Amino acid sequence: MDKKVKNLVVGCGLSGTVIANKIATELKEPVLIIDSKEHIAGTCYDYKDSSGITVHKYGPHIFRTNSKEVWDYLSQYTDWYPFMHNVLGIVDGIEIPIPFNLISLHKVFPKPLADKIEIKLLQEFGYNKKVPILELKKTNDEDLHYLAEYIYEKVFLGYTLKQWGLSPEELDPSVTGSVPVYISKDCRYFQEKYQGIPRNGYTKMFERLLENPLIEIKLKTRYEDIKDTISYERLFYTGAIEEFFNYKHGKLPYRSLDIKIEKFACEKFQNAPVVNYPENYDFTRIAEYKYFLSEHSNVSIVSFEYPEGFEEGKNERIYPILNQETQKIYNLYQQEAQALQNTYFLGRLGAYRYYDMNRTILGAFETFAKIKG
Ligand code: UDP
């Protein structure tokens with residue numbers, strides 16, 4: 001063995017960075033963190049374009065959490081721009097709030113029909129309730145059924161087929177359930193107590209999380225290429241669990257994204273930070289970056305998201321495709337993982353979960369609690 005380290009962290013994305021930070025700051029132990037990419041921060045990576053606009057290289061990231069612990073933890077490393085996300089969708093050529101709410105209802109239907117449906121929604125579910133589309137579809141009332149079919153067809157089906165290559169029914173219900181129909185006028189995309197964008201960008205926040213003499217970072221370094229030359233007391237693996245085990249129980253499927261970033265010579269490109277296109281085009285959504293930190297410029301930078309299947313060597317694993325079949329395969333890998341000593345799998349790829357940033361951090365906290373004892 002050429003090198004001996006106490007803690008090896010594979011992956012310098014959110015879960016790897018948080019676990020490295022906790023080990024260095026709280027246990028005061030040295031950590032080597034490696035990543036195959038040429039930059040830190042994984043898919044949270046952002047950069048300032050020459051126009052002064054902060055661009056999220058891998059698509060829009062809006063931080064939100066209900067956990068004061070998570071919020072306070074990150075707040076040691078960044079100030080926040082308080083940002084409440086809102087999304088519009090183009091449905092039948094009309095801009096409507098997404099998630100679909102009572103305002104969306106009145107935008108797409110003539111008043112008498114919208115009024116009638118609104119009364120029924122309030123009677124059936126009550127004000128301020130959130131109803132997943134697959135639940136709404138089960139209703140027996142003729143008008144509510146009509147509404148459910150409309151929203152399913154116009155908001156969910158096309159988008160989900162583009163995004164996942166599957167229909168909503170073929171996915172775990174939590175996937176479309178995270179964007180339920182709101183029986184209210186709430187136009188926020190997220191309702192978490194704390195929401196914001198790191199004031200100086202995500203990359204800067206990661207730099208600060210990793211700024212510790214006990215943390216050594218090696219970029220452009222693949223675990224497979226160094227694993228035979230390095231020994232460690234603990235391993236934290238945030239890459240794909242099936243790759244670690246050499247695919248012995250088969251592949252786990254993922255969706256990927258082809259993100260096309262473009263600059264336009266206009267001050268404002270669209271009417272919301274994100275606009276979804278469930279019905280038209282091959283992309284699912286367009287994000288306009290100057291919204292996130294209220295940056296000003298006479299140009300605007302936007303990204304188009306074209307979902308595609310994950311293919312080794314061609315693109316990145318971004319979304320685990322969750323259903324009963326893939327869960328069974330993952331469980332086999334998880335059993336293997338549990339049998340290993342001092343080896344921990346975390347993050348979206350290590351845990352094969354559709355984690356948002358908050359859940360990713362909580363996962364790293366849980367792992368840290370295990371080793372802290
Ligand atoms: N979704 C949809 N239409 C929309 C927005 C969301 O069908 O206008 C579905 C789609 O299946 C999507 C899922 O809800 O993958 C979760 O959406 P979210 O915006 O949370 O996805 P993410 O930001 O994680 O890509």
Residues whose placed amide H lies under 5 Å from that of Arg285, excluding near-sequence neighbours: Tyr277, Glu305
Sites matching trypsin sites (Lys or Arg not before Pro) across region 88-151 that sit in DSSP coil, with at most 11 neighbouring C-beta atoms within 10 Å: Lys138
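For region 192-232, just say rounded, prolate or oblate: build the C-alpha gyration tensor, square-root its eigenvalues into a ≥ b ≥ c, call rounded for a/c under 1.5, and beyond that prolate if a/b exceeds b/c, oblate if not.
Details: a/c = 2.99, a/b = 2.42, b/c = 1.23.
It is prolate, given that a/c is not under 1.5 and a/b is the larger ratio.
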Value in Å of the Kirkwood radius, where region 229-346 supplies the Cα pairs that are averaged: 17.5 Å
Restricting region 297-364 to trypsin sites (Lys or Arg not before Pro) in coil, as DSSP defines it, with at most 13 other Cβ within 10 Å: Lys314
Rounded D (µm²/s) - the chain, Kirkwood Rh over Cα pairs, Stokes-Einstein at 10 °C, 1.306 mPa s: 71 µm²/s
Whether region 28-178 is rounded, prolate or oblate, judged on the alpha carbon gyration tensor where a/c under 1.5 counts as rounded: prolate
Footprinting exposure proxy for Phe236, Phe125 (fewest neighbouring C-beta atoms within 10 Å first): Phe125, Phe236
Length-normalised contact order for the chain - Cα pairs under 8 Å, 6+ apart - percent: 28 percent
Cross-link partners of Lys68 among lysines (Cα-Cα below 26 Å; sequence separation of 8 or more within a chain): Lys22, Lys28, Lys129, Lys130, Lys193, Lys204, Lys370, Lys372
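Counting other Cβ atoms within 10 Å, which trypsin sites (Lys or Arg not before Pro) in region 190-261 have at most 15 and lie in a DSSP loop?
Sparse-neighbourhood loop trypsin sites (Lys or Arg not before Pro): Lys193, Arg199, Lys220, Arg222, Lys248, Lys251.
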Cut-off under 5 Å, modelled amide H: who pairs with Glu316 long-range: Leu257
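When a footprinting reagent is the concern and you count Cβ atoms within 10 Å, what order do His56, His61, His249 take, fewest first? Walk me through the numbers before you get to the answer.
Working: His56 24, His61 20, His249 17.
Ranking His56, His61, His249 by Cβ neighbours within 10 Å, fewest first, gives His249, His61, His56.
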Fraction of beta bridges assigned by DSSP in the chain that are antiparallel (%, nearest 5): 60 percent
Potential extension, Asp258-Ser297 segment - 0.36 nm per residue separation minus Cα distance: 11.5 nm
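Taking only complete DSSP H runs, can you tell me which helices of the chain stretch 15 Å or more along their own long axis by Cα positions and average at least -0.5 on the Kyte-Doolittle scale? It would help to have the intermediate numbers written out before the result.
Values: long enough: 111-125 (20 Å, -0.15); 324-339 (23 Å, -1.46); 357-372 (22 Å, 0.17).
Taking the DSSP H segments of the chain (at least 15 Å long, mean hydropathy at least -0.5), we get 111-125, 357-372.
Test of understanding: what is the full-extension gain from Gln123 to Gln191, defined as 0.36 nm times their sequence separation minus their Cα-Cα distance? Present the calculation step by step, with values, prior to reporting the outcome.
Working: separation 68, 0.36 × 68 = 24.48 nm, distance 2.35 nm.
Using 0.36 nm per residue and subtracting the Cα-Cα distance, I get 22.1 nm.
Each value in this text was obtained by applying a stated rule to the coordinates, not by laboratory testing. Since the model is a prediction, treat every value here as computed from it, not as a measurement. So basically every Cβ, Gly included, is an ideal-geometry build from the backbone, and we count neighbours across all protein chains shown.
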